[in-house]
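Encoded as structure tokens, the structure appears first; notes follow it.
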């Protein structure tokens, strides 16, 4: 009888210890939040109210530009005389890349401009820090130099 109780206790403890692994991560489905962000930014025009590149404020490089995130993935920046085209998307970042935040379930806001150079600087897979109807805050931690870039779009 004592042997049965001892075996049952050992089996129970083994089961508890093996089922509580700290290496396991929970996968979060971000589909609804991605759709919400896409719908929000695709309505209206936006301006950059803050762009800090590794501690250097470069917001003025984008003064006077309105950004339009079209539903087809085309991104246009216009200051009334010049139009600069790029692409954008919102994706679920589940690849655990080194340039992301420590949250493996974050959402990437992807921007790509091929020119001019100051717009190329915006090209990245930005992590979404916060989002609302009138503001979206993004961050990128460089894998190369470890610098932190922040980008804030505010709806016009």
Top-ranked residue in the range 88-109 [being under 10 Å from the mean Cα position of the chain (by Cα) and buried (at least 16 other Cβ atoms within 10 Å of the Cβ); ranked as modelled with the lowest pLDDT]: 100
Extreme residue, nearest to residue 134 (Cα to Cα), among residues of the range 26-62 that are part of a strand (DSSP E or B) and in contact with a strand residue (DSSP E or B) (Cβ under 7 Å, 6 or more places away or on another chain): 46
Residue match in the range 132-142 (condition: in contact with a helix residue (DSSP H, G or I) (Cβ under 7 Å, 6 or more places away or on another chain), modelled with pLDDT under 95 and surrounded by 13 or more Cβ atoms within 10 Å (Cβ to Cβ)): no
Those residues of the range 45-71 which are modelled with pLDDT under 95 and under 15 Å from residue 119 (Cα atoms), in sequence order: 53
Qualifying residue in the range 72-87 (condition: touching a residue at least 60 places away in the same chain (Cβ under 8 Å), within 17 Å of residue 115 (Cα to Cα) and crowded, with 16+ Cβ neighbours inside 10 Å): no
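The values are calculated or read from the model by the stated rules, or taken from the named source; none is laboratory data. All of these numbers come straight from a predicted model, not from anything done at the bench. Using ideal geometry, Cβ is built from the backbone for each residue, glycine included, and neighbour counts are taken over all protein chains shown.
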